[in-house]
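Take a look at the structure below.
The values are calculated or read from the model by the stated rules, or taken from the named source; none is laboratory data. Note that the coordinates shown come from a computational prediction; the quantities given were computed from them, not determined experimentally. Positions of Cβ are generated from backbone atoms using ideal geometry, with glycine treated the same way; all protein chains shown enter the neighbour counts.
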Amino acid sequence: MLILSLIEHRARHGYEISKLIEERSEGVLKFNVASFYPLLYRLEKRGLIAGRWVEKAGQRRRRYYRLTTEGKQILKTQQATWAGFCHRNPSHYGGRKCLTGQRKSESRSLR
């Protein structure tokens, strides 16, 4: 769900995805190359994401991943399941934080 949600609105390359997960989890979730890229390849093989190589002047070639139609459907189902879990367990996850990763104090300022 984490990977799919990060590429829901725009394509991203693998390193960017892994760093966003690490940042947003405050370092709790950290991937090494040996496990992360095979995970992306499996998601691509299952048809949930599609990757394409992009070359830019002065930069190394990168594979950018986007969500497929099937991936969007799976993400929607996963988000609904997670929202239901958070709703049933609000004392453990502080309502909004469970859904967005925001702290309670941050959620007030965003309203």
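In table form, for the structure just shown:
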read-out: Tabulated pairs, the range 49-73, first closer than 12 Å to R12 by Cβ, second polar (S, T, N, Q), C-beta under 7 angstrom, 6+ apart or interchain; value: I49/T68
read-out: Residue that is modelled with the lowest pLDDT, among those in the range 69-101 that are aliphatic (A, V, I, L, M) and surrounded by fewer than 13 Cβ atoms within 10 Å (Cβ to Cβ); value: A83
read-out: Hits in the range 1-51 - residues which are closer than 16 Å to R66 by Cα, among the β-branched types (V, I, T) and part of a loop (DSSP other than H, G, I, E, B); value: I7
read-out: Failed item, numbered, when R66 is tested on (1) surrounded by 12 or more Cβ atoms within 10 Å (Cβ to Cβ); (2) over 16 Å from the mean Cα position of the chain (by Cα); (3) among the basic types (K, R); value: (2)
